[in-house]
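The block underneath contains the structure these notes are about, expressed in structure tokens.
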Amino acid sequence: MKTRFAALGVASLLLAAPAIAQQLSIATGGTGGVYFPYGGGVGEVINNHVEGATGSAEVTGASVENVALISRGDSDLALALADTVYQAFHGEGAFEGRQVDELRAVMSIYPNAVQIVTLEGSGIETIGDLRGQRVSVGAPGSGTEVSAQTLLAANGITYDDFTPERLNFNETADALRDGDIAAGFWSVGPPTSSIMNLATTRDIRIIPMSEDEIANAIEVEPTFAPYTLRAGTYDGQDADVLTISTPNVMIVHEDMDEELVYNITRAIYENVDDLIAIHPAANDTTVAFSVASTPIPFHPGALRYLEEVGATVQDHQRP
């Protein structure tokens, strides 16, 4: 009898034990951009508002690498630029011959502005002046490099015309500060810490794009859109700067549990103030922005939430 009651006691303890929370890996980017703090904010929203799940941000090489992490099942959620996501889903551009059509969108979260930075006195006034210079085009496997290559090629500039350096955001800022490069590309939600920090120690200049250059880029990459970087975004930036932007998309694998994706989607939209407190880019994390700019189908869990709130979803956004 004693043994029987002891066994029952153990069984009751096992039944009463709380379920172990599902740990979700969120692939982001380098620590000098917006992806990492934004992803950390998403993790906090999951921790606080999604029962049975926890989330943590992981440092990665950003968009292109993040697509591969989702495809292999090495990450659960990831942030990536819309052009990278679109190309991967359709097997085009950098993903020609290696289509990743198992990607699904949770939402578009905010637009990335292409910010081409040089130092005052460099003599670089336009993107054409990058010819013959040493230029950082972004980290290997990053959406920044995809965007840089696309917009330059659309305007008749290739890597043969300058010396490309593949540096992450912090490395690009350091190389500019030290005079090792003449200019650098960022594709990130402004303001971003690495440019902010650079602007406190050096006089920077953000290179504008002309309307014709923007039109050329959009003709090649339809996910691009004009964007005005407002005066005062960075120290010493006294005027608006015309450039282009690309939406950022939160992606998952098509096999991710529908109920889990639904709960994550609802938690983010209904607690977006938590994200805004971490980074102002989250002001654009809205249902309206998402349905206007997401380039691939939504995951069924995300689609269920959007339909519940009465959003008008485009045909290409349905699985």
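The values are calculated or read from the model by the stated rules, or taken from the named source; none is laboratory data. Quick caveat, the model's predicted, so the values are computed rather than measured. Here Cβ is always computed from backbone atoms with ideal geometry, including for glycine, and neighbour counts include all displayed protein chains.
Pick out the one residue from ALA288, ALA281 that is in the same structural domain as ALA78 (by TED's automatic domain parsing) and crowded, with 22+ Cβ neighbours inside 10 Å.
Of ALA288, ALA281, the one residue that is in the same structural domain as ALA78 (by TED's automatic domain parsing) and crowded, with 22+ Cβ neighbours inside 10 Å is ALA281.
Has segment 254-274 got at least one residue that is closer than 23 Å to THR144 by Cβ and in contact with a helix residue (DSSP H, G or I) (Cβ under 7 Å, 6 or more places away or on another chain)?
No, every residue in segment 254-274 fails to be closer than 23 Å to THR144 by Cβ and in contact with a helix residue (DSSP H, G or I) (Cβ under 7 Å, 6 or more places away or on another chain).
When the residues of segment 127-150 are narrowed to those that are farther than 26 Å from ASN197 by Cα and not charged (D, E, K, R), which ends up modelled with the lowest pLDDT?
Within segment 127-150, the subset farther than 26 Å from ASN197 by Cα is 128, 131-132, 150.
Checking which are not charged (D, E, K, R) leaves us with 128, 132, 150.
Details: GLY128: 98, GLY132: 98, THR150: 92.
Per the criteria, the residue is THR150.
Among what's in segment 94-120 and is over 24 Å from ALA281 (Cα atoms) and out of contact with any Asp or Glu (no Cβ under 8 Å at 6 or more places or on another chain), pick the residue that is surrounded by the fewest Cβ atoms within 10 Å (Cβ to Cβ).
GLY97
Filter segment 24-82 down to the residues that are part of a helix (DSSP H, G or I) and of a type in the set (Ser, Thr, Tyr), then identify the one that is surrounded by the fewest Cβ atoms within 10 Å (Cβ to Cβ).
For segment 24-82, the residue satisfying everything is SER71.
Looking at segment 283-300, is at least one residue modelled with pLDDT of 95 or more, closer than 13 Å to ARG104 by Cα and over 18 Å from the mean Cα position of the chain (by Cα)?
yes
Would you call ASP203 without any contact (Cβ under 8 Å) to a residue 40 or more places away in the chain and of a type outside the set (A, V, I, L, M)?
Values: without any contact (Cβ under 8 Å) to a residue 40 or more places away in the chain: no; of a type outside the set (A, V, I, L, M): yes.
The answer is no for ASP203.
Report yes if some residue within segment 228-235 is free of Cβ contacts under 8 Å to residues at least 24 places away in the same chain, closer than 23 Å to ASP101 by Cα, out of contact with any Pro (no Cβ under 8 Å at 6 or more places or on another chain) and in the same structural domain as SER142 (by TED's automatic domain parsing); otherwise report no. Steps first, please.
Within segment 228-235, the subset free of Cβ contacts under 8 Å to residues at least 24 places away in the same chain is 228, 230-232.
Applying the additional criterion that residues be closer than 23 Å to ASP101 by Cα yields none.
No; the residues of segment 228-235 include none that is free of Cβ contacts under 8 Å to residues at least 24 places away in the same chain, closer than 23 Å to ASP101 by Cα, out of contact with any Pro (no Cβ under 8 Å at 6 or more places or on another chain) and in the same structural domain as SER142 (by TED's automatic domain parsing).
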